[in-house]
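Some notes on the structure that comes next.
The values are calculated or read from the model by the stated rules, or taken from the named source; none is laboratory data. Given the structure is predicted, the values throughout are model-derived calculations rather than measurements. Counting neighbours? That spans all protein chains shown, and the Cβs are built from the backbone with ideal geometry, glycine included.
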Amino acid sequence: MFDALPTLWGLFGSGFISSTLLPGGSELLLLYLLDQGAYPLWQLVGAVTMGNVLGGLVTWGMGYWIRYRFPLRALSKRQQQAHDRIQRYGAPMLLLSWLPLIGDPLCFISGWLKQRFWLALLCIGLGKAGRYLLLSIPWM
């Protein structure tokens, strides 16, 4: 069991980095590890999902903190689009936080708009877990 920890921590880290403002390839690493078959599917999906959700929450927290510390005078085009969607549809928009290019701004603007933490956690978690579960269907 302990020999799996470095790989699972690596997958967790990949999920975390992929969900912050840095680029990452957690999906490819997950698919590679699933194909190797050395670890149970639930451990791999759990590790990458937890890392990805934590990264989304860090981005949410940055938005929450920046609102008070450095109030934005203007939003970028991507941030404005995310702002408008979250204002219109609320926290369920965070179910789309797994999408490339728009997921990070959705989490950031959600925090900036001071949406409830627990609802953000639920929606971010469901969206990101759903993506990794869909990717792992062939190994189920």
Working carefully through the options 36, 79, 87, find the one that is free of Cβ contacts under 8 Å to residues at least 60 places away in the same chain and surrounded by 13 or more Cβ atoms within 10 Å (Cβ to Cβ).
79
Note on residue 109: of the conditions (1) touching a His at 6+ places or on another chain (Cβ under 7 Å); (2) at pLDDT 90 or above, unmet is (2)
Being touching a Pro at 6+ places or on another chain (Cβ under 6 Å) and buried (at least 23 other Cβ atoms within 10 Å of the Cβ), is that true of even one residue in the range 101-117?
no
Test for residue 105: is it within 12 Å of the chain's Cα centre (by Cα) and farther than 19 Å from residue 132 by Cα
yes
Checking residue 65 against (1) crowded, with 20+ Cβ neighbours inside 10 Å; (2) over 16 Å from residue 12 (Cβ atoms): exactly one of these is not met. Which one?
(1)
Would you mind telling me which numbered condition in (1) loosely packed, with under 15 Cβ neighbours inside 10 Å; (2) closer than 22 Å to residue 135 by Cα residue 26 fails?
(1)
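Let's see how each residue does on (1) at pLDDT 95 or above; (2) under 30 Å from residue 137 (Cα atoms):
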{"residue": "29", "(1), (2)": "no, yes"}
{"residue": "50", "(1), (2)": "yes, yes"}
{"residue": "74", "(1), (2)": "no, no"}
{"residue": "80", "(1), (2)": "no, no"}
